[in-house]
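S.K.: Below is the structure I would like to discuss, written out as C-alpha cells.
The values are calculated or read from the model by the stated rules, or taken from the named source; none is laboratory data. All values derive from a computational prediction rather than experimental measurement. Every residue, glycine among them, receives a Cβ derived from its backbone with ideal geometry; neighbour counts consider all protein chains shown. Areas reflect the complete protein model, heavy atoms only, side chains present, ligands, DNA and RNA absent. Shrake-Rupley method; radii C 1.70, N 1.55, O 1.52, S 1.80 Å.
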Amino acid sequence: MSNEPGHHSLICMQTNKVQPEMETNYNQEKPGGSQDAPNSELVAPGSEGIGCCGYVLIFFSFLMVLVTFPISLWACIKIVQEYERAVIFRLGRVRSGAKGPGIFWIMPCTDDFCRLDLRTVSFAVPPQEVLTKDSVTIMVDAVVFYRIFNPIITVVKVDNANQATQLLAQTTLRNMLGTKSLTEILIDREEMADHMGRVLYAATKEWGIKVERVEIRDVKLPSSLQRAMATEAEAAREARAKVVAAEGEMNASRALKEAAVIMSESPAALQLRYLQTLSQIATERNSTIVFPIPVELFSRYLEPRKDQ
C-alpha cells in the first residue's frame with residue numbers, strides 16, 4: 001500500500017503485532033514466542049476451509065459491490081484509530097492478522113469485524129473481605145492496569161476479556177492475602193502487589209492480555225482492632241519515654257558526681273559557682289530575697305578529718 005499523501009487504497013493493512021519489547025514486564029515467557037505455536041490455528045487465513053459454497057457467496061458479494069458501486073463503498077470501507085485494531089471474520093472464520101490503524105476493506109454480507117482498544121485500561125478491584133493467616137478479618141482493595149497485546153486471541157479465546165480479568169483479579173487478591181499475616185500485609189505491600197501482577201500476567205497472557213501493574217490501594221482494619229493497636233502503640237511509647245527519662249537521670253547523676261569531685265579539689269570553684277547561681281536568681285527571679293553566707297564558714301567542714 002502506498003504512503004503518498006492523497007492516495008487511498010482498499011487493500012487491507014498489514015498485520016499489526018505488538019513487538020517483543022512490549023512484553024518485558026514481570027520477566028515472564030513472551031506470548032509472541034513459544035506460546036504462539038498452540039494458537040496457530042486461530043490465525044489461519046480466512047480462505048482455508050471455506051469450501052465451494054463459501055467461494056460462491058464471496059463471488060456474489062463481490063458482484064453486488066460492483067453493481068452498487070460507488071454506493072457500496074460506504075459499507076465496505078472501515079476506519080480504525082491509531083490505538084484500535086479490527087479482527088475480521090469471513091464466513092465465521094477469523095482472517096490472519098488484526099487490521100489497522102487506518103483504512104481497511106471488508107466484503108458485505110460475508111465479512112464481520114470486531115473493534116478492540118489497545119490502550120491501557122484500569123479498573124478498581126472492589127474491597128475484598130479477607131481472613132489473614134493470623135485470623136484477622138480485613139478489607140483490601142486494589143487497582144489493576146492491563147492492555148490487549150494480541151487482539152485475535154482476545155476475541156477468539158475469551159467471551160468477555162474485561163470481565164474475566166476483573167473476576168480473576170478479585171480471586172487472586174483474596175487467595176494471595178489469605179496466606180499472609182496482618183504484619184506482612186501492612187509492611188510488604190509493594191512486594192505483594194508485584195507478586196499479584198506476576199500471577200495475573202501468567203494467567204492472562206493466554207488470553208492476549210498483559211497485566212502491566214497492580215497497586216494495593218487501601219487496607220481497612222476493624223474498629224476494635226484499630227483501638228487495640230492504638231493502645232498497644234501508646235503503651236510502647238510510654239515505656240520508651242520512661243526508659244529515656246531514666247537514662248537521662250543516670251547521665252545527669254554521673255555528671256554531678258564528676259562536678260562534685262572537681263569542686264572538692266578546688267574550693268574557689270565552689271565559691272564561683274555560688275556567685276553564678278546568685279547572678280541567675282537576680283536575673284530571672286527579682287522578687288526572691290537571697291541571704292549570702294560566706295563560704296569560709298563551711299571551709300572547716302570541707303577539710304578532711306585528722307582522725308582519718
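S.K.: Please verify whether residue 174 is charged (D, E, K, R) and in contact with a Gly (Cβ under 7 Å, 6 or more places away or on another chain), treating the condition exactly as stated.
M.R.: no
S.K.: So, in region 97-118, how many residues would count as being part of a loop (DSSP other than H, G, I, E, B) and surrounded by 16 or more Cβ atoms within 10 Å (Cβ to Cβ)?
M.R.: 8
S.K.: Would it be correct to say that residue 284 is modelled with pLDDT of 75 or more and among the acidic types (Asp, Glu)?
M.R.: No; evaluated as a whole, the condition is false for this residue.
S.K.: Mind checking which residues of region 59-76 are more than 52 Å from the chain's Cα centre (by Cα) and aliphatic (A, V, I, L, M)?
M.R.: Selection gives 63, 64, 66, 67.
S.K.: Of (1) open to solvent by 40 Å² or more (accessible area, probe 1.4 Å); (2) at pLDDT 90 or above; (3) in contact with an Asp or Glu (Cβ under 8 Å, 6 or more places away or on another chain), residue 247 satisfies all except one. Which?
M.R.: So residue 247 meets the others, but not (3).
S.K.: Another one. Say whether the condition of being within 18 Å of residue 149 (Cβ to Cβ) and open to solvent by less than 40 Å² (accessible area, probe 1.4 Å) is met by at least one residue in region 185-197.
M.R.: Within region 185-197 (the criterion being within 18 Å of residue 149 (Cβ to Cβ) and open to solvent by less than 40 Å² (accessible area, probe 1.4 Å)), the answer is yes, since at least one residue qualifies.
S.K.: Within region 201-241, can you find the residues that are of a type in the set (A, V, I, L, M, F, W, C), outside any loop (DSSP other than H, G, I, E, B) and over 22 Å from residue 122 (Cα atoms)?
M.R.: Correct list: 225, 228, 229, 230, 233, 235, 236, 239, 241.
S.K.: Separate question: Looking for whichever is touching an Asp or Glu at 6+ places or on another chain (Cβ under 9 Å), at pLDDT below 85 and β-branched (Val, Ile, Thr) here; the options are 148, 106. Which one fits?
M.R.: 106
S.K.: For the condition on the phi < 0 side of the Ramachandran plot, in contact (Cβ under 8 Å) with a residue 24 or more places away in the chain and open to solvent by 70 Å² or more (accessible area, probe 1.4 Å), what is the one hit in 220, 242?
M.R.: It is 220.
S.K.: Search region 161-173 for residues that are under 23 Å from residue 138 (Cα atoms) and open to solvent by 40 Å² or more (accessible area, probe 1.4 Å) and pair each with any residue that is of a type outside the set (Gly, Ala, Ser) and not in a helix (DSSP H, G or I) when their beta-carbon atoms are under 8 Å apart and the residues are at least 6 apart or on different chains.
M.R.: These pairs meet every condition: 166/123; 166/125; 166/144; 170/125; 170/126; 170/128.
S.K.: I've got another one for you. Across region 119-139, which residue is most open to solvent (accessible area, probe 1.4 Å) among those that are farther than 17 Å from residue 213 by Cβ, part of a strand (DSSP E or B) and in contact (Cβ under 8 Å) with a residue 12 or more places away in the chain?
M.R.: Only one residue tops the list, namely 131.
S.K.: Check residue 200 against each of (1) open to solvent by 20 Å² or more (accessible area, probe 1.4 Å); (2) at pLDDT 85 or above and name the one condition it does not meet.
M.R.: (1)
S.K.: Being among the acidic types (Asp, Glu) and closer than 24 Å to residue 59 by Cβ is the requirement here; does residue 112 meet it?
M.R.: Criteria met by residue 112.
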